[in-house]
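A.B. asks: Pasting a structure here, questions to come.
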Amino acid sequence: MSKTTTGVAAAGLVMPAWVPTLETVSATAAALVPVLSALWLLLQITRFVARWRRGATE
């Protein structure tokens, strides 16, 4: 338990050094996730329609 709390305390001390990187990653994720989600949904719909046309719906 002592090692865990020491690690958490050390991470908290260096947190200000991570903030710019975390903000960049967060902004990138916020931009990419909706686009990737829409593409994934389009792929699923396309595959469903293709199966449906063949008569193999589940």
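A.B. asks: So is Ala30 out of contact with any helix residue (DSSP H, G or I) (no Cβ under 9 Å at 6 or more places or on another chain), modelled with pLDDT of 85 or more and surrounded by 10 or more Cβ atoms within 10 Å (Cβ to Cβ) or not?
C.D. replies: Here the answer is no, as Ala30 does not meet what is asked.
A.B. asks: So for segment 36-58 (the condition being part of a helix (DSSP H, G or I), loosely packed, with under 10 Cβ neighbours inside 10 Å and either basic (Lys, Arg) or touching a Phe, Trp or Tyr at 6+ places or on another chain (Cβ under 7 Å) (or both)), does at least one residue qualify?
C.D. replies: Yes, because at least one residue in segment 36-58 is part of a helix (DSSP H, G or I), loosely packed, with under 10 Cβ neighbours inside 10 Å and either basic (Lys, Arg) or touching a Phe, Trp or Tyr at 6+ places or on another chain (Cβ under 7 Å) (or both).
The values are calculated or read from the model by the stated rules, or taken from the named source; none is laboratory data. Predicted model, so just to flag it, every value in this text is computed and none were measured. Using ideal geometry, Cβ is built from the backbone for each residue, glycine included, and neighbour counts are taken over all protein chains shown.
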